[in-house]
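Take a look at the structure below.
The values are calculated or read from the model by the stated rules, or taken from the named source; none is laboratory data. What you are looking at is a predicted structure, and each value in this text was computed from that prediction instead of being measured. Positions of Cβ are generated from backbone atoms using ideal geometry, with glycine treated the same way; all protein chains shown enter the neighbour counts.
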Amino acid sequence: MADIEFKNGEYDENPVLQKVVEPENDLKEMLVNYVGQKQDPEDDNVTVEMIVETLAEEFPEFVLVLAEENWVRGYNQALADLPYVSPQGAKEKNEV
């Protein structure tokens, strides 16, 4: 499977990526411990971004399914919004 690489683009970075994850339940504890051992951060803090990077590297199918679902939902929403943002759609909406 192809490597997934995260790159900063022209958009602002999501601030949640830099959030330190607290092991407040069993799953978070498992992820924090695993990612912490794998990436060995200098400050011992595991961030959301570190977890996403590790999942993308070691379980790309999972990350891909989430990304695809997000893309499909965004695309569907854009199509649903089109009548409200296109000049022709706005004109037709006002004529009703």
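Being aromatic (Phe, Trp, Tyr) and modelled with pLDDT of 95 or more is not true of residue 75. For region 71-87, taking the residues that are surrounded by 10 or more Cβ atoms within 10 Å (Cβ to Cβ) and touching a helix residue (DSSP H, G or I) at 6+ places or on another chain (Cβ under 8 Å), the one that is farthest from residue 16 (Cα to Cα) is identified as 83.
Against the test of being over 18 Å from residue 16 (Cβ atoms), of a type in the set (D, E, K, R) and either touching a residue at least 24 places away in the same chain (Cβ under 8 Å) or not assigned by TED's automatic domain parsing to the domain that holds residue 13 (or both), the options 42, 68 yield a single qualifying residue, 68.
For region 25-34, state whether one or more residues are among the hydrophobic types (A, V, I, L, M, F, W, C), modelled with pLDDT of 95 or more and either under 19 Å from residue 66 (Cα atoms) or part of a loop (DSSP other than H, G, I, E, B) (or both). Walk me through it before giving the result.
As a first pass, look at region 25-34 and keep what is among the hydrophobic types (A, V, I, L, M, F, W, C): 27, 30-32.
Subset that is modelled with pLDDT of 95 or more: 27, 30-32.
When the remaining residues are screened for being either under 19 Å from residue 66 (Cα atoms) or part of a loop (DSSP other than H, G, I, E, B) (or both), the result is 27, 31.
Looking for residues that are among the hydrophobic types (A, V, I, L, M, F, W, C), modelled with pLDDT of 95 or more and either under 19 Å from residue 66 (Cα atoms) or part of a loop (DSSP other than H, G, I, E, B) (or both), one finds at least one in region 25-34, hence yes.
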